[in-house]
Amino acid sequence: MERNPLRVSFAGLELENPTILASGVLGYSAESLDRVVRAGAGAVVTKSIGVEPRVGYVNPTLVQAEAGFLNAMGLPNPGIGVYVQEIGHCKTVLRAPLVVSVFGYSAQEYAGVAKKAASAGADAVELNVSCPHVRQTGAEIGQDPKILKEVVENVKAVIDVPLIVKLSPNVSDIALLGRAAVEAGADALTAVNTLKAVAIDVETTRPVLANVKGGLSGAAVKPVALRCVWDIFEELPDVPIIGCGGISSWSDAVEFFLAGASAVQIGSAVAFDEGIFNAVNRGVLSYLRRKHLGSVKELVGLAHRS
Amino acid sequence: MSAWLTAANTLRTTEIVQIRTESPTVKTYVLPDRLCCKAKPGQFLMLWIPGIDEIPLSIMEAKNGLVSVSVKVVGDATRHLHGMEAGATVGVRGPFGNSFTESRGRILLVGGGTGVAPLLFLARQLSAKTERLSFVEGAKTKDELLFVRELGGICNEKSLITTTEDGTAGLQCLVTEPLASLLDREHFDMIYTCGPEVMVKKIFEITEQRKLPLEASLERLMRCGIGLCGSCMIGKYRVCRDGPVFTAAQLREVKDELGVSKLGFDGSRIPV
Ligand SMILES: Cc1cc2nc3c(=O)[nH]c(=O)nc-3n(C[C@H](O)[C@H](O)[C@H](O)COP(=O)(O)OP(=O)(O)OC[C@H]3O[C@@H](n4cnc5c(N)ncnc54)[C@H](O)[C@@H]3O)c2cc1C
Ligand SMILES: Cc1cc2nc3c(=O)[nH]c(=O)nc-3n(C[C@H](O)[C@H](O)[C@H](O)COP(=O)(O)O)c2cc1C
Ligand code: FES
């Protein structure tokens, strides 16, 4: 039987291909996640879920920026108590691994939500410790190695599915935070979440986003995200990294593999083309053939050796 | 519209050049906008009310560099908008979403509330090309029947049926009531509808029984408007991007949710 060169496995997860839907994009309902799997994603991540329901900020919550988007949704989510039903529903329809993204305001909250998500059937849990736009969550936790460790340890103690920690790029030394997460029990790292940013309208002389500050995603952040993956791989060459930020073509994805990523997440590019997952997969496959390589794994971190 | 024009559609500010009062609760706003003035019937725009909110609104008219939307007061954002005067600055993104398909032959449009706005846009476009255009419009009371004069100029007198719940104008009944007998009496090549979802659901049931083609414009909570955030799902469809106009075949796929449930502001499933 011929091996599928796109197949990747890391941290106990088996993916048919290395493209994953990033958290917060089409991530609420089982039907929408299923649609993304049918469009070619090897795995999907849900919207970040917390303890309590949150309605998020009023609009504008998303605005187009130069080569990307600025969003401050305010973590709208139904709360894990309700969302466990959706996870159950997902498990009956999805033909790819389901990663549940989790956020909280304390280590206890993270652990409580992660535990419920895992028992409801999540194939893995991703901690959103880097969400830059809600006060008292995200930024603080993901920017402080001590707090980050405490959160990861607490979660690790209560789940037995793979634990992924999604790092913030809004730090001076991302590899340091990556190391803290791994020492506390993270099985893989996602790099990165959005970059803190602001958009101002000159006619009304006002910030556009209702929350003023938001997170920048899309093509504009790609070189920064790539550097983050590079730095983490240099520090932690044996830890699986999921590259994320501005990927909109197969060559973007290959750049992330070469920098050290074992898989990639795609979010913003979905707005341009829902066929992005298949397009990336096809492109990576023909690149592998052209380079006479047998698998994505052979690409991981290759740029560091030259 | 192309994916690029949707995804890279940046917010721009513009000035309200005209405001018209259509009913005690509905006002029409006319804005210059070089992209939205090229919109097709069925498309919508995101209107930013600076410092307040950004809301989805169906396009009612688009020509000569201008775009118009008709807005009913229902809450905070729409109340602020109703308080604004000509000359005020607002923001626009769009036009977004798909549009009604252009059909020929005998056409029936059924509208309720501000759902009449996109149908008026459609009726104006179709009137030149169709054999006959009929319109059934419903409202709670006479004052809230929108665009009766405009529609009267497009459809002939016999082809415009109005209904009110209190009997102050037209037939005293729901908009769906005259429909069944009209459809049994006359043949229609296409039916278009927009309005409250319970109305749309009822119309869908009536056209399904008779195996008639239907296109319905739906509403869901919208945030990004460009198919990213997942706030506006109905079944596997994004109302902002795959809709807001859906065919009978698509409505069949989402019939468990149509008129029944939607995603609320916190992403949980709530009753429509
Ligand atoms: C595609 C589309 C086209 C629309 N076209 C028109 C139109 O032509 N004319 C018109 O008067 N209204 C239209 N609406 C509805 C309009 O967007 C809401 O009435 C408006 O957002 C209410 O804002 P508010 O702050 O005044 O009310 P709120 O008090 O905030 O809410 C009242 C109700 O309005 C709805 N609503 C609120 N915010 C949103 C949102 N961001 N997206 C969708 N629904 C929301 C909810 O059902 C809510 O319960 C349309 C909605 C959609 C999705
Ligand atoms: C509309 C939107 C909502 C997002 N919501 C979340 C979220 O809830 N949790 C999270 O960890 N990341 C969230 N993100 C960040 C993305 O998962 C991703 O890290 C970021 O957008 C960079 O990738 P991209 O350039 O491919 O979009 C969101 C991004 C966007 C555009
Ligand atoms: S409003 Fe964001 S996906 Fe439709």
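Counts of other chain beta carbons within 10 angstrom of each beta carbon in peptide B:219-228 average 5.
Counts of other chain beta carbons within 10 angstrom of each beta carbon in peptide B:48-58 average 4. Peptide A:48-60 is shielded by partner chain Cβ atoms: per residue, an average of 4 of them sit within 10 Å of its Cβ.
In units of 2.2 N^0.38 Å, what is the alpha-carbon radius of gyration of the range A:1-117? Show your work: numbers first, answer last.
On the way: Rg = 15.7 Å, N = 117, 2.2 N^0.38 = 13.4 Å.
Against the empirical 2.2 N^0.38 Å value, I get 1.17 for the range A:1-117.
Hey, what's the Kirkwood Rh for the range A:232-306 if you take every pair of different alpha carbons, in angstrom? List each step's numbers first, then the result.
Values: mean 1/r = 0.0795 Å⁻¹.
Taking the inverse mean of 1/r over all distinct Cα pairs, the range A:232-306 comes out at 12.6 Å.
Just the number, please: Stokes-Einstein D of the range A:8-305 in µm²/s, Kirkwood Rh from C-alpha pairs, 20 °C, 1.002 mPa s.
Estimated diffusion coefficient is 114 µm²/s.
Let me have the 222 nm mean residue ellipticity of chain A computed from DSSP H runs of 4+ only, each contributing -39500 (n - 2.57), with the sum over all residues rounded to the nearest 500.
Details: 10 runs with 107 residues, N = 306.
Rounded to the nearest 500, the figure is -10500 deg cm²/dmol.
So for the range B:3-95, what percent of the C-alpha to C-alpha distances run longer than 22 Å?
Everything past 22 Å amounts to 18 percent.
When the Cα atoms of the range B:55-107 are aligned to their principal axes, the ranges along those axes come out at 42, 26, 18 Å in descending order.
Size descriptors for the range A:180-306 (Cα atoms only): Rg and Dmax, in that order, 16.7, 56 Å. Listed peptides B:106-114, B:157-165 appear in the order B:106-114, B:157-165 once ranked by packing, highest mean of other Cβ atoms within 10 Å at the front.
Find the all-direction average of the projected area of the Cα convex hull for the protein assembly as shown, expressing the result in square nanometres with one decimal place. Don't jump to the answer; show the numbers that get you there.
Details: hull surface 108.8 nm².
Taking the Cα atoms of the protein assembly as shown, their convex hull projects to 27.2 nm² on average.
Coordinate-derived values only; no laboratory data. Note that the structure is a prediction, hence the values are computed from the model and not measured. No Cβ is skipped: glycine too gets one built from the backbone with ideal geometry, and neighbour counts run over all protein chains shown.
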